[in-house]
Amino acid sequence: MPDIISINGLDVKLGEHKSFTMNVAKLPTHTNIDLSVQVFRAKKDGPVLLLTGGLHGDETNGIEIIRRMIESKSLQPEIGTVIAIPIVNVYGFIFNERGVPDGKDINRSFPGAKDGSLARLLAYTLMQSILPVVDCGIDFHTGGASRANFPQVRCTFNQPDAKILAKAFGAPVMLHSALIKNSFRMAAHKKGKPIIVYEAGETLRFDEFAISEGIEGTMRVMAHLGMKTLDQEKPTTKMFKKSMWVRAKKSGLFNATTSLGDMVLPKQELGYISEPFGGRKARMLSSQKGTIIGLNNNPIVHKGDAIIHLAYN
Ligand SMILES: [Zn+2]
């Protein structure tokens, strides 16, 4: 990167820390939707790492991960630049929602459009103003709809630069995940910029394990990129090429008899679904050996609901 990084007309020189907002849109009340961006530059030039949280506005763990790292000044690199955007979907954050006013998902709206509605406009802003100055990134997410994720990094295993970053992050689980059409990860990949996705915990709940693993992983990625020195033991990561959802065979009340992160064997009981008025229980059995990386926390389930996310090889 050059001595000066320019974002939306604002110059950030080597050794500077700048905090600024970028106007994206206006609500019907004329209230501005502004993207809050922080840029931390070392005196010495090097890689540019992007950290994005709250692309889904109700996924608060990632927002807290970035906030804590800003507060503790751990994003100040010794070499290179960190660009931190704790809340991408400002609208969704205010309303505790995943998407934007028309229900659209920003992470399915890339690369966006200048004349698009809010989701595509936010995607366009990231692609036009931020991505060109970035080398790689970490996008922070949580499980959705009452489902919690065991701390995991997702990337495409056949994309070597992303896989190396994901390995450096060192989350407890690393999962191969194909690029999803119109996602931020795919749009960035098309521009030759690897973005890995960290998934941990659930929406609107702080999860200390998820938050601390997210912070430690980010520090390890910075160390891997040569941006800071870190004296830390190598973490243990389980790598999985595949995953599947175990679905409810009937409607009723779900009780888990296993926990996030558990290793399970074929035919092992994962939980059961009971009828609220008494009567027969339906046991949910694992169809294969694997590790539980996602678990539904809402006891009221309907037939066909995704209940347990199992990673395997
Ligand atoms: Zn998400």
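Quick note: the coordinates plus some simple rules give every number you see, no bench work behind them. Note that this is a predicted model, so its numbers are computed, not measured. Methodologically, a virtual Cβ is constructed for each residue, glycine included, from the backbone with ideal geometry; neighbour enumeration extends over all protein chains shown.
Let me spell out the model: positive unit charges on the Cβ of Lys and Arg, negative unit charges on the Cβ of Asp and Glu, origin at the Cα centre of region 70-164. What dipole size does that give, in debye rounded to 20?
Details: 9 positive and 9 negative charges, 54 e Å.
So the magnitude is around 260 debye.
Summarising the label geometry, the points placed 7 Å from Cα in the beta-carbon direction at A223 and D115 lie 5.1 nm from one another. Inverting the pair-averaged 1/r between distinct Cα atoms of region 1-73 gives 14.1 Å as its Kirkwood hydrodynamic radius. Available extension along the chain between D11 and A145 is 44.2 nm, counting 0.36 nm per residue and deducting the alpha carbon span. Give me the Debye-computed log₁₀ of I(q)/I(0) at q = 0.07, 0.09, 0.12 Å⁻¹ for the chain, equal point scatterers on Cα only, no solvent, two decimals. Reported log10 I(q)/I(0), two decimals: -0.29, -0.47, -0.81.
Taking amide hydrogens as placed 1.01 Å from N in the peptide plane, the amide H of C136 sits under 5 Å from those of V48, L50, each at least 5 positions away in sequence or on another chain.
Database remark: amide H of Q288 closer than 5 angstrom to the amide H of K267 (H placed geometrically; neighbours at sequence offset of 5 or more, or on other chains; Pro and chain starts carry no H). In this Cβ point-charge picture (+1 for Lys and Arg, -1 for Asp and Glu), the chain has a dipole of about 1100 debye about its Cα centre. Farthest towards the positive end of the charge dipole of the chain, among the residues I5, F157, A282, is the Cα of A282, using unit charges on the Cβ of Lys, Arg, Asp and Glu. If the segment from K267 to S36 were pulled out straight at 0.36 nm per residue, it would be longer than the present Cα-Cα gap by 78.3 nm.
Set the Förster distance to 35 Å, then compute FRET efficiency between S274 and R205 from the Cβ-Cβ distance, nearest 0.05. Intermediate values should be presented prior to the final figure.
Details: r = 25 Å, r/R0 = 0.70.
Efficiency at R0 = 35 Å is approximately 0.90.
A simple packing score, the average count of other Cβ atoms within 10 Å per residue, orders the peptides 114-125, 58-69, 7-18 as 58-69, 114-125, 7-18, with the highest score first. Phi-derived couplings, Karplus 6.51 cos²θ - 1.76 cosθ + 1.60 at θ = phi - 60°, listed residue by residue for region 87-96: 10, 7, 8, 4, 4, x, 4, 4, 9, 6 Hz, with x used for Gly and Pro. When the charge dipole of region 4-238 is built from unit charges on Cβ atoms (+1 for Lys and Arg, -1 for Asp and Glu) and taken about the Cα centre, the candidate among I94, H176, I66 whose Cα reaches farthest toward its positive end is H176. Of the peptides 268-278, 164-174, the ranking by mean beta-carbon count within 10 Å, highest at the top, reads 164-174, 268-278. What is the diffusion coefficient of region 116-258 in µm²/s, taking the Kirkwood radius over Cα pairs and the Stokes-Einstein relation at 37 °C with a viscosity of 0.692 mPa s? Reported coefficient: 197 µm²/s. Quick one: P(r) of region 114-154 from all Cα-Cα pairs, 5 Å bins, percents rounded to integers, in order of increasing distance. Binned Cα distances yield the sequence 5, 17, 16, 17, 17, 18, 8, 1. Give the lysines reachable from K13 as a straight Cα distance under 29 Å; neighbours fewer than 8 places away on the same chain don't count. Cross-link targets: K43, K44, K73, K114, K190, K191, K193, K228.
Per-residue Karplus couplings for region 286-294, computed as 6.51 cos²θ - 1.76 cosθ + 1.60 with θ equal to phi - 60°, are listed in order as 6, 8, 7, 6, x, 10, 7, 10, x Hz, Gly and Pro entered as x. Between A168 and I94, the contour length at 0.36 nm per residue exceeds the Cα-Cα span by 23.3 nm.
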